[in-house]
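Here's the structure, in structure tokens; my notes come after.
The values are calculated or read from the model by the stated rules, or taken from the named source; none is laboratory data. Since the structure is predicted, the reported quantities are computational estimates derived from the model, not experimental observations. Quick reminder, even Gly has a Cβ in these numbers, built from the backbone with ideal geometry, and neighbours come from all protein chains shown. Just the protein is used for accessible areas: all its heavy atoms, side chains included, with ligands, DNA and RNA removed. Shrake-Rupley method; radii C 1.70, N 1.55, O 1.52, S 1.80 Å.
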Amino acid sequence: RGCVTEIVDNFEVEELAETSAANSLNLVGLGGIGKSQLALEYAFRCGDEYDAIFWMKADSAENLHNSFDQAAIALGIPD
């Protein structure tokens with residue numbers, strides 16, 4: 001979490017889930033305020049803390065499904 005607090009000052013960050021296996025964060029805000037840029041900056045600064053980082057396209061259910069399919073393929077998870 002140290003890396004998150006270092007970057008996030010002007011965004012509402014909601015912790016969705018925290019387990020020993022995974023942590024999730026949700027960036028919430030109006031369009032155009034820099035949520036995507038913040039996510040990219042986080043990945044750049046903190047990426048070495050993770051085994052994998054995926055960009056999930058969620059502008060439609062189909063795109064989100066495809067994003068999860070691609071992540072599963074990259075991780076070697078069978079259908």
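Counting only residues that are open to solvent by 100 Å² or more (accessible area, probe 1.4 Å) and part of a helix (DSSP H, G or I), segment 37-57 holds 5 of them.
When you check A72 against the structure, is it in a loop (DSSP other than H, G, I, E, B), modelled with pLDDT of 85 or more and open to solvent by less than 70 Å² (accessible area, probe 1.4 Å), yes or no? Answer is no for this residue. Would you call L64 closer than 23 Å to D79 by Cα, at pLDDT 85 or above, of a type in the set (A, V, I, L, M) and in a helix (DSSP H, G or I)? Yes; evaluated as a whole, the condition is true for this residue. For segment 23-36, the criterion of being open to solvent by 90 Å² or more (accessible area, probe 1.4 Å), out of contact with any strand residue (DSSP E or B) (no Cβ under 7 Å at 6 or more places or on another chain) and either of a type in the set (V, I, T) or in a helix (DSSP H, G or I) (or both) is satisfied by no residue at all.
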